[in-house]
1. Whose amide H sits under 5 Å from the amide H of Val254, counting only residues 5 or more places off or on another chain, with H placed in the peptide plane?
2. So how do 366-376, 335-345 stack up, highest first, on mean other-Cβ count within 10 Å?
3. Report, in listed order, any pair from Lys124/Lys322; Lys155/Lys274; Lys322/Lys343; Lys290/Lys343; Lys348/Lys387; Lys283/Lys348 with a Cα-Cα distance greater than 29 Å.
4. Work out, step by step, the length gained on full extension between Ser401 and Ile87: first 0.36 nm times the residue separation, then minus their alpha carbon distance; give nm to one decimal.
5. Provide the gained length on full extension for the span Leu131 to Ser97, in nm with one decimal, where the gain is 0.36 nm per separating residue minus the Cα-Cα distance.
Amino acid sequence: MKKTINTASRLCATAEIRELEDAHLKAIYLHNILNIPTREIARSQVLSRSSVQRALAAEKKRNTPGKCGRSTLKENSDKQYLTTVTIHNAEHGTFHSKMEITQMANDLLKTKRKEGDEVKTVDKHWVKRFLKRHIEISLAKPISLPLGRAAHTSKYTIGPFFDEVKKLFESINPIPQLLFNLDETSTFSSKQQPELVASSSSTPSTIVPEVHLPNSTTIIFMTSADGCRYLTPILIPFSTLPEEYKLGTTSHEVFIPSLSGHVTSAIFLDLFKKCVITEIRNKRIAVGKKEKHAVLIMDGGVGHFQPEILQLCKDNLIDLIKLPSHTSHILQPNDQYIFASMKRVFGKAKESGTTTSASPKREVFVEILRNGLAAASYPETIKSSWKSTGLWPFNPEKILSNLPDNPPEWALSGVEPKSAPIGSSFGAVYYSSDDLSDLF
């Protein structure tokens with residue numbers, strides 16, 4: 001008896017058995033192929049006796065249940081057909097996603113279903129196991145940020161954008177004092193590395209917060225082409241605002257408690273009414289141009305172009321410009337030298353040891369954050385950021401002269417390469433000039 005149990009255990013430890021992830025397949029293989037009795041399989045602690053009995057009963061009915069009680073493709077010829085078709089399509093440039101493979105498998109099941117049979121489908125668990133057994137199958141990867149940028153950063157995409165901006169500028173004849181850019185940037189602490197703070201943008205922030213400090217902070221930053229920075233809302237993930245943050249509030253920064261520290265459509269709309277519209281109205285009065293059209297440039301962020309905001313802009317003579325998808329890294333002024341200057345301050349604070357476990361007070365966080373905002377607010381830094389995008393002074397060639405005519409073929413394929421193809425380096429595609437790439 002003991003010898004039989006040891007034999008079953010050794011057999012179940014072999015590579016051939018380990019590849020059979022489904023319990024019913026293991027049971028059928030051990031019982032029908034290797035002729036090991038049900039009782040001995042159960043005693044080997046590989047499978048329970050009831051699992052073996054259910055699997056054998058299902059096999060007898062010619063119905064092989066997979067995980068969650070759902071049917072799978074039974075015949076090896078069917079699985080081989082699905083594998084062959086998937087690989088063939090990939091070799092000819094059509095890479096399938098997991099969802100598409102699931103649909104292909106279910107379509108194949110329909111052709112095998114006899115009249116009167118119940119409808120059978122496979123699920124994501126079956127596809128996961130299928131792909132694990134067939135490592136030769138290449139999947140279409142989701143479009144990542146680098147791939148999306150490469151696919152959209154070309155004269156073909158950005159040229160028409162500058163054409164539309166030129167038409168708008170010719171019609172309203174803007175002045176730099178009324179040309180605005182609004183954008184957000186975030187800092188958050190990593191759960192894997194709590195001593196670090198990363199950033200949602202391409203330039204990481206490296207503040208080191210204490211455990212009781214906010215783990216996510218969103219800064220809503222607005223600048224104008226004449227080198228000005230305006231009232232800056234800072235969303236802190238607290239239900240009530242600590243006294244340290246109230247003391248840190250000035251005429252240029254305001255700390256706002258929120259549940260998560262992230263911007264939602266409702267929060268953005270409220271801040272747009274209270275801060276953005278008010279600041280633009282005050283700037284008009286300051287320059288003596290109460291009836292002059294203003295221009296506001298934004299990316300397609302959360303809640304940026306909801307109907308209420310469009311109406312507010314229309315009522316207040318504000319012309320909106322929406323940046324093309326995946327192009328803010330070269331077209332959005334705030335994403336250039338401005339945020340880079342801010343986050344260099346954060347990095348220096350960490351390197352100098354300003355924020356360590358021996359700094360328990362939140363005032364340290366407030367001080368570093370405000371120092372970063374101050375570094376990003378130098379008029380020359382803001383003007384240089386606007387100039388680098390070609391939006392003001394209006395000079396499309398500053399950007400277009402550094403871009404390819406069309407996106408690279410690998411970017412349009414939907415499959416991200418493991419390394420940058422020859423002649424299409426990531427840096428050359430992402431940044432409009434060498435001096436910008438040096439900053440990041």
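Any read-out appearing in this document is the output of simple, stated calculations on the displayed coordinates, not a laboratory observation. What you see is a predicted model; the values in this text were computed from it and never measured. Positions of Cβ are generated from backbone atoms using ideal geometry, with glycine treated the same way; all protein chains shown enter the neighbour counts.
1. Amide H neighbours of Val254, under 5 Å, 5+ apart: Thr232, Ile234.
2. On the way: 366-376: 20.2, 335-345: 23.6.
Output ranking for 366-376, 335-345: 335-345, 366-376.
3. Going by Cα-Cα distance, Lys124/Lys322; Lys155/Lys274; Lys290/Lys343; Lys283/Lys348 fall outside the 29 Å limit.
4. Values: separation 314, 0.36 × 314 = 113.04 nm, distance 4.01 nm.
Extending this stretch completely gives an extra 109.0 nm.
5. The span from Leu131 to Ser97 would gain 11.1 nm if fully extended.
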